[in-house]
Ligand SMILES: [Zn+2]
């Protein structure tokens, strides 16, 4: 989710009834979520009120959520959704080296710029994340949980992505062999990794996807057991199947067909500036995704589509450009949009005006 190290936050607000009542029409469909990502502090410090700007949902990093923030957001007509870090291992793998992803040389994989993943089959790490989720949902009345960093160790949020082949530690080698019945040959980790990559690459990629789906399935179970009406969202890599040899599935381990069964709302991170693409790319991707996954537009049907577009000035995003991508985020079967970040919007009067204009327009 992050461009860099700062903590971001995501919060969307709308009960099912509220969604239906407050949604506006856009091309024959109802816009359910007029979202904003990040803690609203900078926006509030400027004197803004979320409902004046047409915002009805905020998405906030789970560590930044407080009762006061929820109360004020609700008073301004918003539901609050939590961005929840899943496989972000930074801060954990340093203390628990057994959870550090291992590469095909048998070495600890280096950080991928600012991102450091964790081994998805490490039991202690997984239990710590699930426990954090249970505590979060028990403590706060949230409208949903957006799974972030739900992928194997890699970097896809930077202009120059980094792909690594992991993980070949004992728990992953065991898990792969048990799930597939394949007996991996070799003595050293390097030999075993070579055997897998040379002779069982497809089975290995499929297994890696199944591990990610298993995480999402457990997260969904926890969310629905504690907050039955809460939505399960997913910040998703903005790459089509035919891009870079389907690296989204083959390296990140993201199988859209399988994820569509456990994700209520997909939020592809279509950061056009960051990706070196024109604003129209956002529209094209949203239209592609609307067809690729069987996206639904009714409030009680899933999965739905809610892209996150770029407002953040890295590189500079002009207000007119921001207005364009906000609108393009509502293309296809998308029933909502949010931006990275509300804080970036608050820093720019032009972007504040653009958000107010588009959201109040689609609200009608
Ligand atoms: Zn592993």
- Task: Take the alpha-carbon centre of the range 233-256, take the same for the range 152-214, and report the distance between them in whole Å.
- Result: 16
- Distance from the range 304-338 to the range 79-100 (C-alpha centre basis), Å: 27
- Message: Using only Cα atoms and rounding to the nearest 10 degrees, what angle (0 to 90) does helix 349-363 make with the longest principal axis of the chain?
- Response: 80
- Task: Under a 10 Å cutoff between Cα atoms, tell me which one of 268, 278, 319 has the largest fluctuation in the Gaussian network model of the chain.
- Result: 278
- log10 I(q)/I(0) for the chain, Debye formula on C-alpha points only (no solvent), q = 0.10 Å⁻¹, two decimals, reads -0.59
- Message: Which of 198, 158, 148 ends up with the largest GNM mean-square fluctuation for the chain, with Cα atoms connected below 10 Å?
- Response: 198
- Distance from a point 7 Å along Cα→Cβ of residue 190 to each backbone N in the range 78-104: keep the residues under 18 Å and list them by number. 102-104
- Taking springs between alpha-carbon atoms closer than 10 angstrom, which of 183, 99, 154 fluctuates most in the Gaussian network model of the chain? 183
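Residue 356 to residue 68: FRET efficiency via 1/(1 + (r/R0)^6), r the Cβ-Cβ distance, R0 25 Å, to the nearest 0.05?
On the way: r = 24 Å, r/R0 = 0.97.
Here the calculated transfer efficiency is 0.55.
Using just the helices of the chain, give the 222 nm mean residue ellipticity in deg cm²/dmol: DSSP H runs with n ≥ 4 each add -39,500 (n - 2.57), and the total is spread over all residues, rounded to 500. Could the numbers behind the result be given before it?
Numbers: 13 runs with 137 residues, N = 364.
Taking each H run of at least 4 residues, the total per residue is -11000 deg cm²/dmol.
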- Using alpha-carbon coordinates, inclination of helix 123-139 to the longest axis of the chain, degrees: 20
- Item | Order of 30, 335 under a 10 Å beta carbon neighbour criterion, fewest first | 30, 335
- Query: Exposure proxy check: 219, 182 ranked by fewest other beta carbons within 10 Å?
  - Reply: 182, 219
- Give the Rg/Rh ratio for the range 238-364, taking Rg as the radius of gyration of the Cα atoms and Rh as the Kirkwood radius, to two decimals. 0.98
- In degrees, nearest ten, helix 280-292 long axis to first principal axis of the chain (Cα): 60
- Computed Rg/Rh for the range 140-276 (Cα atoms; Rh = Kirkwood radius) stands at 1.01
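In square nanometres, what is one fourth of the surface area of the convex hull spanned by the alpha carbons of the range 97-174?
Values: hull surface 25.2 nm².
Average of the hull's projected areas for the range 97-174 equals 6.3 nm².
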- Message: For the range 190-232, place one equal point scatterer on every Cα, skip the solvent, and apply the Debye formula. What is log10 of I(q)/I(0) at q = 0.14 Å⁻¹?
- Response: -0.49
- Rounded to two decimals, what is Rg over Rh for the range 204-266 when you use alpha-carbon atoms and the Kirkwood radius? 1.02
- Note on the structure: Expected unfolding gain across residue 45-residue 162 under the 0.36 nm per residue rule, minus the alpha-carbon gap, is 38.4 nm
- Along each principal axis, Cα extent of the range 273-332, largest first, Å: 37, 19, 15
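Over all directions, average the projected area of the Cα convex hull of the range 156-203 and note it in nm².
Dividing the Cα hull surface by four gives the mean projection, 4.1 nm².
No lab work stands behind these numbers, since they all come straight from the coordinates. For clarity, every value in this text was computed on a predicted model and none was experimentally measured. Reconstructed Cβ throughout: ideal geometry from the backbone, glycine too, with neighbour counts over all protein chains shown.
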